1. ³J(HN,Hα) across the stretch 23-28 via Karplus (A = 6.51, B = -1.76, C = 1.60, θ = phi - 60°), whole Hz, x for Gly/Pro?
2. Which whole-number percentage describes the relative contact order of the stretch 4-103, with Cα contacts under 8 Å and a sequence gap of 6 or more?
3. If I take all pairs of Cα atoms in the stretch 1-86, what percentage of them are more than 15 Å from each other?
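Only the coordinates and a few stated rules stand behind these numbers; no lab work does. Just so we're clear, the structure is a prediction, and the values are computed from it rather than from any experiment.
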Amino acid sequence: MIGPASITDFDPDFASPAEWAAMYRASGLQVIPCFSPSEVAKGGSWKRPKLSEWAEFQGGLVSETVFARWYGPAGEHSARDNMGMLTGQASGNVFVIDLDDQKGPAAADGGAAPSLSTTTVSNQKRGGRRPAEAVAKSCFEPDRTGMPPPIGRP
């Protein structure tokens, strides 16, 4: 496992799922284990938390004990390469806008939020981009799922 002091030594080319989880945690992001496609019925939703009690972790980073139980050397999910990030308060008020720019040029322009500046862009397997924006705590109040309210066009 890596900790905050060794985050600069993180090597994405050789990191295990547990090391990725520790790197995200060291960056202040609340990661939780998620289902893999093979774990759900054909056509079922697999892009969701594996934990039934995930909502209780929306207030901040989980304790070291819980994180070790999930991603420690003998952790329940230490080899699980599917993980998600809880947005909002749990991850320093980060939120994600899924642009799905592979679906058309309008999404590539920033869609509903062209005035947001991108701080992090993650390339998804199907070509979408997800800029992650940190916002002041007072800018929004996440709903019970941890997501900020939808952003629409004026």
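1. Each residue's phi maps through the Karplus curve to give 5, 4, 4, 4, 8, x Hz.
2. Reported as a whole number, the value is 32 percent.
3. 58
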